[in-house]
1. Would you tally the residues in segment 54-78 being open to solvent by 70 Å² or more (accessible area, probe 1.4 Å) and within 14 Å of Ala112 (Cβ to Cβ)?
2. If I filter segment 36-53 for residues that are assigned to a loop (DSSP other than H, G, I, E, B) and of a type in the set (Lys, Arg), do I get at least one hit?
3. Answer yes or no: is there a residue in segment 98-109 that is modelled with pLDDT of 95 or more and among the acidic types (Asp, Glu).
4. Quick one: which strands (runs of 3 or more DSSP E) lie wholly within segment 79-191 and hold at least 1 residues that are of a type in the set (Phe, Trp, Tyr) and open to solvent by 10 Å² or more (accessible area, probe 1.4 Å)?
5. Only one of (1) open to solvent by less than 80 Å² (accessible area, probe 1.4 Å); (2) assigned to a helix (DSSP H, G or I) is not met by Arg24, so which one is it?
6. Go through Tyr124, Tyr139, Tyr131 for me and flag whichever is in contact with a Ser or Thr (Cβ under 9 Å, 6 or more places away or on another chain) and of a type in the set (Ser, Thr, Tyr).
7. Just to be sure I understand the filter: pairs with C-beta atoms under 6 Å, separated by 6 or more residues or on different chains, first member in segment 39-57 and free of Cβ contacts under 8 Å to residues at least 60 places away in the same chain, second member of a type in the set (Ser, Thr, Tyr) and in a helix (DSSP H, G or I). Which pairs pass?
8. Identify, please: which residue in segment 101-135 is touching a helix residue (DSSP H, G or I) at 6+ places or on another chain (Cβ under 8 Å) and without any contact (Cβ under 8 Å) to a residue 40 or more places away in the chain and is, among those, nearest to Leu181 (Cα to Cα)?
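The values are calculated or read from the model by the stated rules, or taken from the named source; none is laboratory data. What you are looking at is a predicted structure, and each value in this text was computed from that prediction instead of being measured. Please note: Cβ atoms are built from the backbone with ideal geometry, for glycine as well, and neighbour counts cover all protein chains shown. With ligands, DNA and RNA removed, areas are computed over all heavy atoms of the protein, side chains included. Shrake-Rupley method; radii C 1.70, N 1.55, O 1.52, S 1.80 Å.
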Amino acid sequence: MTDRIEMADDAEWSLDQWFELIERMVPEGIKAEVVDGAVHMVPQRNVHWQIIRRVLYALDDRFGRDALVMSDVRIDFPGHQNGFCPDLAKLKDGAEPDEEGHWRYQDVEFVAEVISRGTGLNDYGPKKTTYAEAGVAVYLIVDPYQGRCHVHTDPKDGEYRTESKSDFGKEIDLTGTVVDLVLKTDAFPRG
């Protein structure tokens, strides 16, 4: 209870302070991140992880196992206290952490987020806007409740100019983008 009272009294916590607290308090299997200065936590569900694995396998097949692909790793994005932990983030070849050991959002070229009931509004709202502002070239939202994927490309002036939707079972053509692959969704489980 003391941590909550201290947090409320401070005018603004740094992302490092938030994540220090999160690491102490959040149990294994719970995803936690900071979106617009608010901590959001959600349990990692089987359906969620099965979809992440399938997208990861597609990236491994395309780029090899040494590609810089992160899962649930903190990356600080522009805006008010945005310490996101994307379900999957592919970084540019040659990207390196900064002097504090954090990955730079400027090196992120692809993000995949799988919708969770508790945090889905973040993925469709503030995170989508922030990824566009950060220049993330391809943002994939996989929604197991709708059985649909949303692909956002062509970020400009804080928004994605191009969006396409595909139902599970259809292939998603990402050729011509930085990931340059066709993603099969026929094995994506529904929520």
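1. 3
2. Yes: one or more hits.
3. yes
4. Fully inside segment 79-191 and qualifying: 159-167.
5. Evaluating Arg24 over (1) open to solvent by less than 80 Å² (accessible area, probe 1.4 Å); (2) assigned to a helix (DSSP H, G or I) leaves (1) as the failure.
6. Sole residue among the options that is in contact with a Ser or Thr (Cβ under 9 Å, 6 or more places away or on another chain) and of a type in the set (Ser, Thr, Tyr): Tyr139.
7. Sorted first by the residue in segment 39-57, then by its partner, the list stays empty.
8. Val111
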